[in-house]
Each structure stands twice: as C-alpha cells, then as structure tokens.
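This report concerns only the one structure given below.
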Amino acid sequence: MVRVADLFCGIGGFLVGSGQLATDAGAEQRCELAVDIDADALAVHQRNHATRRAVEASVTSLVDYRIRGTGAEAEFVYPPEMIDDELAAACEEIDLVAAGPPCQGHSNLNNRSRRNDRRNLLYLAVPAFAVACRARSVAIENVTSVVHDGADVVATTKALLGAYGYSITEGVLAADEMGWPQTRRRHFLIARRLDAPGGSGPLPLTEVRELLAQDRPRSVVWAIGGTQALSHDPAMHDLPEYTEANRGRMAWLFDNEEHDLALAERPECHQDGTSYGAVYGRMYGDRPAPTITTGFMTPGRGRFVHPTERRTLTAAEAARLQGFPDGYVFQPGLDKRPTRAQLTKWIGDAVTAPLGYAATLSALAPALVS
Ligand SMILES: C[S@@+](CC[C@H](N)C(=O)[O-])C[C@H]1O[C@@H](n2cnc3c(N)ncnc32)[C@H](O)[C@@H]1O
C-alpha cells in the first residue's frame, strides 16, 4: 500500500502518475488526504481517487510552523506540528507527500509579478507539512524558474528538510525525453527520510531520467488521433466562440499550409517578430505538443491550433496530452458540470502523468526494492 497526501491537489493529475507507478510496482495507492482551496477540483479528485479526506482549506492552515532565515540558513523556529489531531492521526503513515504549489509567481510567462509573488511562499508549507507528519518522502513539482525565486524557496526547502533527516535530489524532468508527446519541462524536488524503509535517499533524478529515457517522443496525433471516442462527456468537446480575427488567423494557417502565423497576420503588438513566436501557431501532428497550459483553447496563448482542424484543442484532447486516462471523470458531481474555464485551468495546471510517475519512482525507489 502506498499512502499519499496530495497538497495543492487540483483535480489529481499528480496522483494519476504516482498511481501508475504504484501499480507497476505491484502496490495499491491510497490517497489519505487531498487539500485545495478549490472545492470543485477537490470533488473531482475525490471521484477519481477515492480520496479519504478532501480538505477545502489553505495548506498553510493545517500546520503550525515558523521559518527563520532563507536558503541554506533557513530553519524551523520550532518543530512543525499538525493543528488538527484527527488529521494528524490520519497522516501518521504517509509514504509520499505529493505537492504542486501554485507556480504563477515563478513562471517566466508572468511578467508583472514574477519572482516576488507572495504565493511563492506556499511552497514552504510543503516541508512544514511533511516534517509535521513525518512523511517518508516528498515530491514537489513546479516550473523550472522556481530555482530563481526571490524568496529562494527551493534552497530553503532543502535546508528545512535536511535538518529533519531527509536526503534530497532535485532537477528538471522533461516529458518528451521519456517518450511522452508533450515537451513539458518541470522542476522537481524529491526528498526521502533516511530512516524510512529502504534506508536510503531518493533515487537521484539523473538516474530516473536514464532509466525512463526513450529515443523518440510520441506524436500529438498518437495522443489525440484515432477513431476511439476520447470521452463521453460533451463538456470535454466544447469549444469557445472564436473572434473573427482568430477565425481568420486559423484559416490563414490552413489555406497557406503553414504552422506559424506570418508577422502581418498577427496583432500589431506581436509584429516585431522578436517575441511570441509560437502563439497563434498550429501544432505539428507528427511531433510532441508544446507545454499544455491553461491557455490551450486560446490561439493567442500558444501553439494550440489543432494539427488538422480549424480550431484549438478540446479539453478531451488536452487531457489526453496531460496523461489523464479516458475514464477520468471531470464532473465535480452527478448534476454539476464543469465550466470551460474550470476545465482549462484544471487540465493545464495538472502534473503530466509521466512526470508524476518519474518523480514518484525517485521518491519511493528505496522502499520498492527493499
Ligand atoms: C498547479 S495547481 C495543482 C495541480 C495538481 N497538483 C494536479 O496535478 O492536478 C495548484 C493548485 O493549488 C491550489 N491552491 C492555491 N492556493 C492554495 C492554498 N493556499 N492552499 C491549498 N491549495 C491552494 C489551486 O486551487 C490549484 O488547484
């Protein structure tokens, strides 16, 4: 049994990958706790992962902790403690804390507030939670630029966990290098308590990359093509009303058999040709997709035009590219349908399944071979 706590859980993308790893290792994954401030996302999580406790709250409110200093000098002022006794009891035997704290503040796509966004400090609630419940291992996902964060959250987390007996590996994992049809790259910090079963730290990410490396990634068409029904839920096939300008841009790509919009066809602010190269672009069917973001239905937010049709990706197609199985339920409740805005956020923000798989392999490897 692999007992998991999923913090900043969204709809549970991370647990799709960790669950696949558990299955491959002959174990069952059990989600003891999922925490998010988005009630509908939690409901979706619970429907797919049989989540035992879905807590709608800020992760920061679950633990009593204070941090002094930053980077290598950082320390907890006193040992972090779970605030709620019942939750503390439920989290006594956690094998893996999986966490995807919001990354808006670190992302290079966010020019206005980048690197000093207060949300970045949410990252530090993860080591506090892990220490408070003595979790055996921790895996934190974020954008690659998190290592340049103004509050130095990665180095701070390493110092905080290191002081409580965790050994750490960190680095970037690329989905396409593992054969997946999406070029997403994400930073992972993986920690494992040295006194946990197996008695050693996490498998270094360099070794994980080697173990899972594939010569060639699969293609967009492999992921979203084919004749099988992608999903039975009509909401998953819904598309936005495109503006006339965007309909014209998509038509131009197909009429000219192009994948990149000519400068003259772009909005004036993009016409200098030095930035935003891929936006309004059409995907290449025989290559991996670009990073699926929350903008996957909007032509002006990336290369999100379908390879063979005059439209952007549907939620069903983006879900496939993120590694969600076709049976995944995206409805918060039997009578509650998700909105398009919810679907793009949930799917675009999710941890791509093969990345979750690789991170979990690193975190759990010592226990799996012992
Ligand atoms: C990057 S998404 C997580 C994606 C998720 N790990 C997955 O794989 O599907 C970040 C999530 O953090 C949630 N969030 C933001 N602030 C939060 C807070 N203070 N406490 C708990 N969740 C929070 C958001 O609602 C969002 O679902």
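General observations
- Of 171, 198, all but one fail to be surrounded by 14 or more Cβ atoms within 10 Å (Cβ to Cβ) and free of Cβ contacts under 8 Å to residues at least 60 places away in the same chain; the exception is 171.
- Residue within the stretch 79-94 that is over 26 Å from residue 195 (Cα atoms) and either more than 12 Å from the ligand (Cβ to nearest atom) or touching a strand residue (DSSP E or B) at 6+ places or on another chain (Cβ under 7 Å) (or both) present: no
- Restricting the stretch 46-78 to residues that are charged (D, E, K, R) and either in a strand (DSSP E or B) or away from the ligand (no atom under 16 Å from the Cβ) (or both), the residue that is farthest from residue 123 (Cα to Cα): 52
- Given (1) assigned to a strand (DSSP E or B); (2) more than 7 Å from the ligand (Cβ to nearest atom), number of the condition residue 43 does not satisfy: (1)
FYI, it's all coordinate maths here, none of it is from the lab. Quantities reported herein were computed from a predicted structural model and do not represent experimental measurements. Glycine also receives a Cβ, built like all others from the backbone with ideal geometry; neighbour counts cover every protein chain displayed.
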